[in-house]
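These notes concern the structure reproduced below.
The values are calculated or read from the model by the stated rules, or taken from the named source; none is laboratory data. Bear in mind that the values here come from a model prediction, so they are computed numbers and not experimental data. So basically every Cβ, Gly included, is an ideal-geometry build from the backbone, and we count neighbours across all protein chains shown.
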Amino acid sequence: MLVSAKEMLKKAVEGQYAVGQFNINNLEWTKAILLTAQENNSPVILGVSEGAGKYMGGYKTIVGMVNGMIEELNITVPVALHLDHGSYDGALKVIEAGFSSVMFDGSHYSIEENISKTKEIIEIANAKGISVEAEVGSIGGEEDGVVGSGEIADPAECKSIADLGIDMLAAGIGNIHGKYPENWAGLNFDALAAIKDATKDMPLVLHGGTGIPEDMIKKAISLGVAKINVNTECQLAFAKATREYIEAGKDLEGKGFDPRKILAPGFEAIKATVKEKMELFGSVNKA
């Protein structure tokens, strides 16, 4: 059964660890992440971008797939199904479809409009017990067509959004989506500390978890980050393992390629990546 991310993140703040959000793009990714969460007794958040939602056949299809897997695979750890970087319309659609958590990304609006639209989403989501994430200060890089130059969020604006009653806050602190360039300046911990001071016990979200050094990850968690998003690293691991299998010329006999065999190395690569991140984030045995 899907659950809101509210309680798992509240526990993460209290225990000074972070829950991983791992974006899903197909059945194999979903199965690998759920099984790894169960094996490591870790709460987990399945992230879905709007583009991935369309690719997988729509939000109701995804809800059916995830709920079916939770039942058939005997998954007992807390699992939240979360819209990642959702538009206003996208947020409304996933709430209707049965997601248990939603991100409304209003960071590209003025702070006044961001507040106004976030309030509307909170009211609708709260009526159904759905957790809400908001964003202040756009995250750098590009993910699924969402582009941000990378901003440092204003602590006062963060407080204004946090006070609306959201369950988690994504605040730009120099993090970006995708691979980090060699000249990346790193996370701005002064900004993070100021945001933490302004928002108190609000669970903070670190987007762009791929490529951030381990010491920065751990410091961010110590300063209130309770949810860390990982997507690119899983994409790279899945693609590498699958490509190597094909290039090795395996499974060429008989009727040709068996898709289950082609995707198996990628499935195992996702599991290994997710386990590594859960251990780094400290969420193992926290379910």
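A few points about this structure:
- Some residue of region 196-211 being within 22 Å of Thr36 (Cα to Cα) and in contact with a helix residue (DSSP H, G or I) (Cβ under 6 Å, 6 or more places away or on another chain): yes
- Taking (1) modelled with pLDDT of 90 or more; (2) surrounded by fewer than 20 Cβ atoms within 10 Å (Cβ to Cβ); (3) not in a helix (DSSP H, G or I) in turn, Trp184 satisfies each apart from (1).
- Region 1-20: number of residues that are assigned to a helix (DSSP H, G or I) and either closer than 20 Å to Asn74 by Cβ or of a type in the set (Ser, Thr, Tyr) (or both): 1
- One residue from Ile195, Ile221, Ile228, Ile246 being farther than 24 Å from Phe104 by Cα and either β-branched (Val, Ile, Thr) or in contact with a strand residue (DSSP E or B) (Cβ under 6 Å, 6 or more places away or on another chain) (or both): Ile246
- In the set Glu244, Glu253, Glu279, Glu268, only one residue is modelled with pLDDT of 95 or more and over 26 Å from Val102 (Cα atoms); that residue is Glu268.
- Residue match in region 202-211 (condition: on the phi > 0 side of the Ramachandran plot and crowded, with 24+ Cβ neighbours inside 10 Å): yes
- Scanning region 219-251 for residues that are of a type in the set (Lys, Arg) and buried (at least 18 other Cβ atoms within 10 Å of the Cβ) returns a single hit, Lys227.
- Selection status of Gly208, modelled with pLDDT of 80 or more and closer than 19 Å to His85 by Cβ: yes
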